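The values are calculated or read from the model by the stated rules, or taken from the named source; none is laboratory data. No experiment lies behind these values; they were computed from the predicted model shown. Cβ placement follows ideal geometry from the backbone for every residue including glycine, while neighbour counts extend to all protein chains displayed. The accessibility values were calculated without ligands, DNA or RNA, using every heavy atom of the protein model including side chains. Shrake-Rupley method; radii C 1.70, N 1.55, O 1.52, S 1.80 Å.
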Amino acid sequence: MSELLIKLLASYLLGSIVGSLLVGRLRGGVDIRTLGSGNAGGTNALRTQGKSFALWVLVIDIGKGWIATRLVAPVLLPGVTVAPEELRVWVPAACGVAAIAGHVYPLWHGFRGGKGVATLVGVVLGLDAALLLPMLLTWFAAVVLFGFVGLASMLAAASLPIYVSMTGLGPGYVSMSGLEPGLPLTTFGVLVTAIIVFTHRSNIARMRARTEPRARRLWLFGRNGR
C-alpha cells in the first residue's frame, strides 16, 4: 500500500472521530443529532448542551485536523514505499481534506457528522497558523455585518484560496507542514470551500427563506431587525 493511500485512510479515520458524538457517548449516550438543528457540530453542541460540552467538542474537532496535517502527513512510515516528490507536495493538503471528509461523513457514526468548520480550522492550523488570520477576520466581519454564523463560515473558508491567490505568500514560501504555495495550496482552498458550502446548504436554504437565526449579540444591526 502506498504512503499517500495509508495517510489518506489514517486521516479519514481520524476525522471520523466526531467530537460531539464522542463526548455525548461519554456523557450518558447523548446524541446531539437528535437535538436542536440535528447537526453534530460545535454550534449545536453549544445550543443544546452548554459551554463545557461545546468546548470539548471544539478541542477534539480542531485537534484531529491539526494532527492530520501536522503529524500524520509528514511522518515517515517504515517499510512503505515513499510517494514520488511530485505527489509528496500534495500530501498535507490531501490529509487535511480527508480529515474534513471524515468529520462530515464519519465511518464510526453512520456517515452522519458535522459541517467541518472546526476541523478545517485545525487543518489550517496544522498547515500554517498564519493562514488562519484572514479566515478569522473574514468570519468575524461577516458575523458583525450580517449576523449569520453559517454565512460567516462559508465566507471564511472562501477567503483562504482568495488570500493565497492574491498574495502569493511571498517567494520561497513553504508552510510549517511542508505544503508549498501554488497549485497544491490553492486547490486545497478551493476544495475545502466547496465542502463547507455544501455542508451549509441547509443554512443557505433558510437564509433564502428568511428563517435562518442571527447571532444578535454580535450582529451590528441586531437591534434594528430580524
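Quick notes
- From the list THR81, THR48, the lone residue that is open to solvent by 20 Å² or more (accessible area, probe 1.4 Å), modelled with pLDDT under 90 and not in a helix (DSSP H, G or I) is THR81.
- Cβ-Cβ under 8 Å pairs, at least 6 apart or on other chains, the range 10-32 side within 19 Å of ALA93 (Cα to Cα), far side of a type in the set (S, T, N, Q): GLY15/THR119
- Qualifying residue in the range 111-123 (condition: part of a helix (DSSP H, G or I), open to solvent by 10 Å² or more (accessible area, probe 1.4 Å), out of contact with any Leu (no Cβ under 7 Å at 6 or more places or on another chain) and not hydrophobic (A, V, I, L, M, F, W, C)): no
- Subset tally (residues that are part of a helix (DSSP H, G or I) and open to solvent by 50 Å² or more (accessible area, probe 1.4 Å)) for the range 26-45: 3
- Any chance ALA141 is open to solvent by 10 Å² or more (accessible area, probe 1.4 Å) and assigned to a helix (DSSP H, G or I): yes
- Complete set of residues in the range 65-78 that are open to solvent by 20 Å² or more (accessible area, probe 1.4 Å) and outside any helix (DSSP H, G or I): PRO74, VAL75, LEU76, LEU77, PRO78
- Residue match in the range 55-64 (condition: under 19 Å from PRO213 (Cα atoms), open to solvent by less than 50 Å² (accessible area, probe 1.4 Å) and either modelled with pLDDT of 95 or more or under 13 Å from the mean Cα position of the chain (by Cα) (or both)): no
- Residue match in the range 160-182 (condition: open to solvent by 40 Å² or more (accessible area, probe 1.4 Å), part of a loop (DSSP other than H, G, I, E, B), modelled with pLDDT of 90 or more and of a type outside the set (Gly, Ala, Ser)): no
- Qualifying position, being touching a residue at least 60 places away in the same chain (Cβ under 8 Å) and not aliphatic (A, V, I, L, M), among GLY122, GLY79: GLY122
- The range 94-110 - residue that is more than 12 Å from LEU14 (Cα to Cα) and modelled with pLDDT under 90 and, of those, least open to solvent (accessible area, probe 1.4 Å): HIS109
- Within the range 1-25, restricting attention to residues that are open to solvent by 50 Å² or more (accessible area, probe 1.4 Å) and at pLDDT below 90, the residue that is nearest to GLY150 (Cα to Cα) is ARG25.
- Selection from the range 13-29 of residues that are under 12 Å from GLY41 (Cα atoms) and hydroxyl-bearing (Ser, Thr, Tyr): SER20
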